[in-house]
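> First, the structure itself, so that you have it in front of you.
The values are calculated or read from the model by the stated rules, or taken from the named source; none is laboratory data. All values reported here derive from a predicted model rather than from experimental measurement. Glycine gets a Cβ as well: all are built from the backbone with ideal geometry, and neighbour counts include every protein chain shown. The accessibility values were calculated without ligands, DNA or RNA, using every heavy atom of the protein model including side chains. Shrake-Rupley method; radii C 1.70, N 1.55, O 1.52, S 1.80 Å.
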Amino acid sequence: MIVDDNSDIVFTLRTGLENSGETIKVDGFDNPVNALSAFEPDFYDLLLTDVNMPLMNGFELCQEMFKRDNKIKVCFMTSGEINMNLVREMHSLRNIGCFIKKPATMDEILRRIKSELE
């Protein structure tokens, strides 16, 4: 599942991942509240989410999803600077896998996702 408030980013990531030659099925959302409503436990392997979004930030979205499925892995995307250790201390998010700095190439994003799913 991809969640980013920029619909162009959602479209680009979804298209790039589904056309990567890997067997990847992507559901994309440009609204975190809608993504949470559509979220099904034990269905998604990984959540790729922007950090800074209106209505609900990526950390809040992740915490709500963990209440429904604590096995989902998560990668956060941000164009800002993130202190990963501080984030892990502030948010008791068990499955934070990686932070991807935007902009990132499709190859880098795919590599990071595959690494988290291994």
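> Out of the total accessible area of the chain (probe 1.4 Å, heavy atoms of protein only), what percent is carbon and sulfur?
On the chain, the fraction of accessible area on carbon and sulfur atoms equals 47 percent.
> While we're here: Each residue of region 13-23 in turn: what ³J(HN,Hα) in whole Hz from Karplus with 6.51, -1.76, 1.60 and θ = phi - 60°, glycine and Pro shown as x?
5, 4, 4, x, 5, 5, 9, 7, x, 8, 8
> What list of ³J(HN,Hα) couplings, whole Hz, do you get for region 56-70 from phi and the Karplus terms 6.51, -1.76, 1.60, once you set θ to phi - 60° and write x for glycine and proline?
7, 7, x, 5, 5, 4, 4, 4, 5, 5, 4, 5, 9, 7, 7
> Want the number for F43 to L117: 0.36 nm per residue separation, take away the alpha-carbon distance, what's left?
25.2 nm
> Where does the charge balance sit around V3 when Lys and Arg score +1, Asp and Glu -1, over other residues with C-beta under 9 Å from its C-beta?
So the environment of V3 carries a net charge of -4.
> Counting only other residues whose beta carbon sits under 11 Å from that of E40, what net charge do I get with K and R as +1, D and E as -1?
-2
> Heavy-atom accessible area per residue, the chain, 1.4 Å probe: how many Å²?
56
> Also: Given the Cα-Cα distance of T78 and K101 and 0.36 nm per residue of separation, how much length would full extension add, in nm?
Result: 7.7 nm gained on full extension.
> Would you grab the residues whose amide H sits under 5 Å from the one on K73? Only those 5+ places off in sequence or on another chain, please, with H modelled 1.01 Å from N.
The answer is L46, L47.
> Based on DSSP H runs of at least 4 residues, each adding -39500 (n - 2.57), what is the mean residue ellipticity at 222 nm of the chain after dividing by all its residues, to the nearest 500 deg cm²/dmol?
Calculated from helices alone, the mean residue ellipticity at 222 nm is -12000 deg cm²/dmol.
> Then there's this: Once the piece of chain linking E64 and T12 is laid out straight, how much longer is it, given 0.36 nm per residue of separation minus the C-alpha distance between them?
Extra length from E64 to T12 when fully extended: 16.2 nm.
> Compute the relative contact order of the chain as a whole-number percentage, counting only Cα pairs closer than 8 Å that sit 6 or more residues apart in sequence.
23
> Still on this model: In terms of the Cα gyration tensor, with a ≥ b ≥ c the square roots of its eigenvalues, is the chain rounded because a/c is under 1.5, prolate because a/b exceeds b/c, or oblate?
Rounded.
> Let me ask something additional. So what's region 19-82 giving for Rg/Rh, alpha carbon basis, Kirkwood Rh from the mean inverse pair distance?
Across region 19-82, the Cα-based Rg/Rh ratio is 0.96.
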